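Here is the structure we will look at, set down as structure tokens.
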Amino acid sequence: MTELTRNQVKVSRRISMVLRHRPESAGLTLDANGWVPVADLIGALGITRAELDVIVENNDKSRFAIARRDDGVEWIRASQGHSRRVEVDLGLPPAEPPAMLFHGTPRENLEAIRRDGLRPRSRHHVHLSRDVPTALVVGRRRSADVVVFEVDAAAMAADGHVFHRSENGVWLTLAVPPAYLSIKPTNPE
């Protein structure tokens, strides 16, 4: 994997915005599962297929998936993270989570999460990480002062909460009640 250039990062963010939050801003309509033909996306954004391939292959978070349908047409979608205003069903089957999952968030959210648990806010699902380092990276996107919550996913699943695993390994669930959360001590860097 090579690092994306500043311009490629900008295009990647635009693709994320279009596929996750505002497809209409590029004149696109997603199908029920969040897919749009690759040709339509590159035409709408004025990029080449080669540029798109570099962005998809080298995106550090594997945000996008490309699939060829039976008719030979290639389609693209965001792997997860869609706004509630974009109605999609990713078609992800329920999955048995690992015993523990993690969620990194700015420390300023600590009291609200202790009180209310993890909620999807403007998205369809709460996003959880498989390990602490990934949770720290996610949390640090919004703040340098991050806390990591440990999620007792095994207990949640035993109590009937449903989990899904996106194509890029992010764990999704509708909400995490406070009873399943604890603060995970992290080593300062």
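Report, by residue number, each residue of the range 5-18 that is part of a helix (DSSP H, G or I) and either exposed (fewer than 13 other Cβ atoms within 10 Å of the Cβ) or of a type in the set (Val, Ile, Thr) (or both). Lay out the reasoning, then the answer.
Initially, the range 5-18 is screened for residues part of a helix (DSSP H, G or I), giving 6-18.
Passing the criteria: Arg6, Asn7, Val9, Lys10, Val11, Arg13, Ile15, Val18.
Residue count for the range 19-45 satisfying the condition of being in contact with a Leu (Cβ under 9 Å, 6 or more places away or on another chain), in a helix (DSSP H, G or I) and under 20 Å from Arg69 (Cβ atoms): 7.
All but one of (1) of a type outside the set (Ser, Thr, Tyr); (2) touching a strand residue (DSSP E or B) at 6+ places or on another chain (Cβ under 7 Å); (3) within 23 Å of Val56 (Cα to Cα) hold for Asp70; which doesn't? For Asp70, the failing item is (2).
Within the range 54-94, the residues that satisfy the criterion of being free of Cβ contacts under 8 Å to residues at least 60 places away in the same chain and of a type in the set (D, E, K, R) are Glu57, Asp60, Arg68, Arg69, Asp70, Asp71, Glu74, Arg77, Arg84, Glu87, Asp89. Among the residues of the range 26-40, is there at least one that is under 30 Å from Ala179 (Cα atoms), of a type outside the set (Val, Ile, Thr) and either in the same structural domain as Val162 (by TED's automatic domain parsing) or surrounded by 16 or more Cβ atoms within 10 Å (Cβ to Cβ) (or both)? There is no residue in the range 26-40 that is under 30 Å from Ala179 (Cα atoms), of a type outside the set (Val, Ile, Thr) and either in the same structural domain as Val162 (by TED's automatic domain parsing) or surrounded by 16 or more Cβ atoms within 10 Å (Cβ to Cβ) (or both).
If you scan the range 154-172, which residues turn out to be over 19 Å from Arg20 (Cα atoms) and under 18 Å from the mean Cα position of the chain (by Cα)? Val162, Phe163, listed by residue number. Checking Glu87, Glu108, Glu51 one by one, the residue that is more than 18 Å from the chain's Cα centre (by Cα) and within 25 Å of Gly27 (Cβ to Cβ) is Glu51 and no other.
For the range 46-67, how many residues are assigned to a loop (DSSP other than H, G, I, E, B) and in contact with a strand residue (DSSP E or B) (Cβ under 8 Å, 6 or more places away or on another chain)?
Here is the first cut: in the range 46-67, the ones assigned to a loop (DSSP other than H, G, I, E, B) are 46-48, 59-63.
Adding the requirement that they be in contact with a strand residue (DSSP E or B) (Cβ under 8 Å, 6 or more places away or on another chain) leaves 63.
Within the range 46-67, residues that are assigned to a loop (DSSP other than H, G, I, E, B) and in contact with a strand residue (DSSP E or B) (Cβ under 8 Å, 6 or more places away or on another chain) number 1.
The values are calculated or read from the model by the stated rules, or taken from the named source; none is laboratory data. Quick caveat, the model's predicted, so the values are computed rather than measured. Please note: Cβ atoms are built from the backbone with ideal geometry, for glycine as well, and neighbour counts cover all protein chains shown.
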